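Enquirer: Before I ask anything, here is the structure I am working with.
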Amino acid sequence: MRMRMRMYAEHPAQLTSYSRLLAGRHRLTDISDSGCVSAVTLPLMTEDPALSPDVTQDTTPDPTHQSRWRPLRLLQASMDADIARIYAERRIEGLKPNHVRELLRLHARGPMTITELAESVGHSHSALSQKVAAMRAAGWVRTVPGEDARTKKVTLTERAGAVVGRLAAEWRATEAALAELEAEIPYPLTQVVIDIERALERRSFHDRIAAKLAEDPAWE
């Protein structure tokens, strides 16, 4: 999910794995409001109507017609679109849902280097650098000198400081809404994450893919 789907913060490994599971990456497309709930019940193997083969053209099999990832990505896109609508309704312009965690972390802990911020939110240095660049371009953060001339720190702009209280309120409301949603479905998404992580501990995703490729002559 915000690429997040933000699951429970007290389980950072679970959050990271869930984010990777859903990552497509990133914000896909706005889905209708009804798509958010109905996506939960979509079968994991789906066929994309937009990719249906044209019998008048090349009929070479296209493996992308089916995807077990697509429902997860569409679900995330739908829910992130609803979060973005919440911002728009409060006239918080130009804010991406996947930037909120970093803004709230900077507000709570003060200026941090990119390395410190990356470690704090569980991202790689390179990924966080790109995100900070995007947030800086949008006017949410700026860089200031660190303790010595060789370091710089990321801090909130006045614009971000003016809305950070609302962002914290939205985060709390979203977590409560997710908990409510999970109570309505027979198999909570947080449990899905735990079960997948346990299965991958028994055998990694890399090893599972490699074993399938070993059976496929096209990989030779």
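The values are calculated or read from the model by the stated rules, or taken from the named source; none is laboratory data. In this text the structure is predicted, and so the values were computed from the model without any measurement. Counting neighbours? That spans all protein chains shown, and the Cβs are built from the backbone with ideal geometry, glycine included. Surface accessibility is based on the protein's heavy atoms, side chains included, excluding ligands, DNA and RNA. Shrake-Rupley method; radii C 1.70, N 1.55, O 1.52, S 1.80 Å.
Yes/no per residue for (1) assigned to a helix (DSSP H, G or I); (2) open to solvent by less than 40 Å² (accessible area, probe 1.4 Å):
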{"site": "Glu147", "(1), (2)": "no, no"}
{"site": "Arg159", "(1), (2)": "yes, no"}
{"site": "Glu170", "(1), (2)": "yes, yes"}
{"site": "Thr190", "(1), (2)": "yes, yes"}
{"site": "Glu201", "(1), (2)": "yes, no"}
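Enquirer: Filter segment 77-97 for residues that are open to solvent by 60 Å² or more (accessible area, probe 1.4 Å) and closer than 20 Å to Val132 by Cβ; which is farthest from the chain's Cα centre (by Cα)?
Expert: Applying the filter and picking the extreme gives Glu93.
Enquirer: Here's a check for you: in segment 130-145, which residue that is under 17 Å from Leu104 (Cα atoms) and of a type outside the set (A, V, I, L, M, F, W, C) is most open to solvent (accessible area, probe 1.4 Å)?
Expert: Checking each candidate, the answer is Arg142.
Enquirer: Taking segment 46-87 on its own, how many of its residues are modelled with pLDDT of 85 or more and either touching a Cys at 6+ places or on another chain (Cβ under 7 Å) or among the polar types (S, T, N, Q) (or both)?
Expert: 7
Enquirer: Within segment 102-138, track down each residue that is outside any helix (DSSP H, G or I) and within 16 Å of the chain's Cα centre (by Cα).
Expert: Result: Gly122, His123, Ser124.
Enquirer: List every residue pair whose Cβ atoms lie under 8 Å apart, where the two residues are 6 or more positions apart in sequence or sit on different chains, the first residue falls within segment 158-170 and is of a type in the set (Val, Ile, Thr), and the second residue, located anywhere, is surrounded by fewer than 17 Cβ atoms within 10 Å (Cβ to Cβ) and in a helix (DSSP H, G or I).
Expert: These pairs meet every condition: Val164/His107.
Enquirer: Still on this structure: Filter segment 172-188 down to residues that are open to solvent by less than 40 Å² (accessible area, probe 1.4 Å) and of a type in the set (A, V, I, L, M) and give me whichever is nearest to Arg101 (Cα to Cα).
Expert: In this case the residue turns out to be Leu178.
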